[in-house]
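Here is the structure we will look at, set down as structure tokens.
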Amino acid sequence: MLVKNDRISEIVDGKRVIVKKPELLAPAGNLEKLKIAVHYGADAVFIGGQEYSLRANADNFTIEEIREGVEFANRYGAKVYVTANIYAHNENIPGLDDYLRALEEAGVSGIIVADPLIIETARRVAPRLEVHVSTQQSLTNWKAVQFWKEEGLERVVLAREVSAEEIRQIKENVDIEIEAFIHGAMCSAYSGRCVLSNHMTARDSNRGGCCQSCRWDYDLYQLSDGREIPLFSEGDAPFAMSAKDLNLIRAIPAMIELGVDSLKIEGRMKSIHYVATVVSVYRKVIDAYCADPDHFTIRDEWVRELDKCANRETAPSFFAGFPDHTNHMYGTHSRKPTHEFAGLVLDYDPETGIATIQQRNHFRPGDEVEFFGPEIDNFTQVIETIWDEEGNELDAARHPLQIVKMKVKRPLFPYNMMRKEN
């Protein structure tokens with residue numbers, strides 16, 4: 001049952017409204033994704049630098065790109081946090097002081113950290129940086145959170161493995177900012193505390209090298225008297241240790257009433273289409289609930305919108321209590337999104353009604369496409385004619401990042417997106 005929290009609400013014109021709105025925190029694997037996340041409604045983004053981050057295979061940011069990202073985000077009232085959440089080895093110590101000072105000088109609002117070494121170093125050499133305890137610390141109880149509060153830290157990122165009741169108890173017992181995941185991939189281990197990648201590929205999971213070995217397909221055998229006996233018949237679906245992705249869209253009212261300070265979306269490795277779609281949906285949900293919580297309902301269109309970019313099945317996971325077998329994927333453990341990203345709007349000419357679009361997937365005249373963005377209502381249309389930049393008619397936009405022009409039936413804006421149904 002949803003319990004109203006009077007500490008975060010007021011009565012305005014006879015109506016209850018949420019005045020302490022939570023931060024919407026979005027992933028940004030590169031500068032383009034950062035700009036998209038902010039444009040589509042994120043209050044803050046978390047990024048990785050070229051060192052000390054757990055996403056070694058993301059594009060990641062140079063210090064110069066971090067400065068540019070901070071400047072862009074601040075222009076729109078958003079913050080930038082940098083992940084420095086590896087478990088450091090001795091070889092990672094040299095250069096740490098200079099790196100943290102560079103982040104502070106770049107204007108970063110805070111860092112997300114797991115290793116006490118990095119926490120202590122940041123407080124010593126870059127005191128203006130907020131220090132947030134990473135989900136890698138697997139904080140699941142209020143006593144552990146209290147420890148970090150007493151250490152002087154501003155915020156903790158809870159483990160993905162906490163329930164709504166556990167969050168309530170943490171908020172009741174400790175006066176500290178709480179950040180919690182609401183959407184994205186789940187881990188088969190406690191928040192990344194895993195060495196499968198180390199064993200399978202000699203890549204250190206806890207220093208940014210996770211290759212998601214848990215999502216591989218496996219054949220299982222029983223060893224009996226030196227013989228390997230297959231546990232599955234030929235043609236059976238392979239086994240995987242793959243959890244369904246987290247999806248808490250229906251739990252956002254509860255998260256807000258619990259007083260969670262920052263609602264976090266996972267996905268620094270995901271596409272700009274994923275970032276735009278998920279951020280846009282949760283922005284609408286948060287704003288709608290905070291404006292009128294007593295008459296709020298989840299709209300089916302919001303749920304369908306998330307399906308347009310989902311590549312795995314989703315579940316509420318630990319939030320409702322300890323998850324059962326329905327939160328695991330069996331057999332085929334991936335799914336196709338209902339839509340694919342086709343193009344990014346660069347410009348629109350209101351006199352001619354012609355949009356300039358950067359191709360991101362193959363499309364051609366006759367395809368039905370959908371346009372969406374924060375300034376417009378979603379609309380669909382059939383593509384009639386496509387031209388290249390010189391005005392030559394094309395039979396298709398088939399080249400990656402190709403710049404094309406086409407007539408559209410409604411006004412568009414830069415950063416709007418075009419997608420088509422799979």
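Per-structure values
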item: Selection from region 70-93 of residues that are closer than 16 Å to VAL108 by Cβ and in a helix (DSSP H, G or I); result: VAL70, GLU71, PHE72, ALA73, ASN74, ARG75
item: Filter result (surrounded by 15 or more Cβ atoms within 10 Å (Cβ to Cβ) and more than 21 Å from TYR274 (Cα to Cα)) within region 345-370; result: TYR348, ILE354, ALA355, THR356, PRO365, ASP367
item: Selection from region 93-109 of residues that are of a type in the set (Asp, Glu), closer than 19 Å to GLU71 by Cα and surrounded by 14 or more Cβ atoms within 10 Å (Cβ to Cβ); result: GLU104
item: Checking PHE239 against (1) out of contact with any Phe, Trp or Tyr (no Cβ under 7 Å at 6 or more places or on another chain); (2) aromatic (Phe, Trp, Tyr); (3) under 23 Å from ALA310 (Cβ atoms), the condition it does not meet; result: (1)
item: Of residues in region 127-169 being assigned to a strand (DSSP E or B) and within 23 Å of ASN5 (Cα to Cα), the one nearest to the chain's Cα centre (by Cα); result: VAL157
item: Among (1) in a loop (DSSP other than H, G, I, E, B); (2) free of Cβ contacts under 8 Å to residues at least 60 places away in the same chain, the one test that VAL45 misses; result: (1)
item: Of all residues making up region 387-418, the number that are surrounded by 14 or more Cβ atoms within 10 Å (Cβ to Cβ), touching a Lys or Arg at 6+ places or on another chain (Cβ under 7 Å) and not small (Gly, Ala, Ser); result: 1
item: Only one of ALA73, ALA28, ALA78 that is under 15 Å from the mean Cα position of the chain (by Cα) and crowded, with 18+ Cβ neighbours inside 10 Å; result: ALA28
item: Filter result (surrounded by 18 or more Cβ atoms within 10 Å (Cβ to Cβ) and among the hydrophobic types (A, V, I, L, M, F, W, C)) within region 110-123; result: ILE111, ILE112, VAL113, ALA114, ILE118, ILE119, ALA122
item: Single unsatisfied condition, CYS187 versus (1) assigned to a loop (DSSP other than H, G, I, E, B); (2) touching a Lys or Arg at 6+ places or on another chain (Cβ under 9 Å); (3) at pLDDT 85 or above; result: (3)
item: Selected residue (criterion: farthest from ILE111 (Cα to Cα)) from residues of region 1-30 that are part of a loop (DSSP other than H, G, I, E, B) and among the polar types (S, T, N, Q); result: ASN5
item: Residue in region 393-406 that is in contact with a helix residue (DSSP H, G or I) (Cβ under 6 Å, 6 or more places away or on another chain) and closer than 29 Å to GLU301 by Cα present; result: no
item: Residues of region 347-369 satisfying the condition of being more than 24 Å from the chain's Cα centre (by Cα) and not in a loop (DSSP other than H, G, I, E, B); result: ASP347, TYR348, ASP349, ILE354, ALA355, THR356, ILE357, PHE363, GLU368, VAL369
item: Residue in region 202-218 that is in contact with a Gly (Cβ under 6 Å, 6 or more places away or on another chain), modelled with pLDDT under 85 and surrounded by 15 or more Cβ atoms within 10 Å (Cβ to Cβ) present; result: yes
item: Any hit, region 252-263, residues being of a type in the set (S, T, N, Q) and buried (at least 17 other Cβ atoms within 10 Å of the Cβ); result: yes
item: Residue among ILE286, ILE298 that is closer than 18 Å to LEU2 by Cβ, surrounded by 14 or more Cβ atoms within 10 Å (Cβ to Cβ) and under 16 Å from the mean Cα position of the chain (by Cα); result: ILE286
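The values are calculated or read from the model by the stated rules, or taken from the named source; none is laboratory data. All values reported here derive from a predicted model rather than from experimental measurement. Don't worry about glycine lacking a Cβ; one is built from the backbone with ideal geometry, like all the others, and counts go over all protein chains shown.
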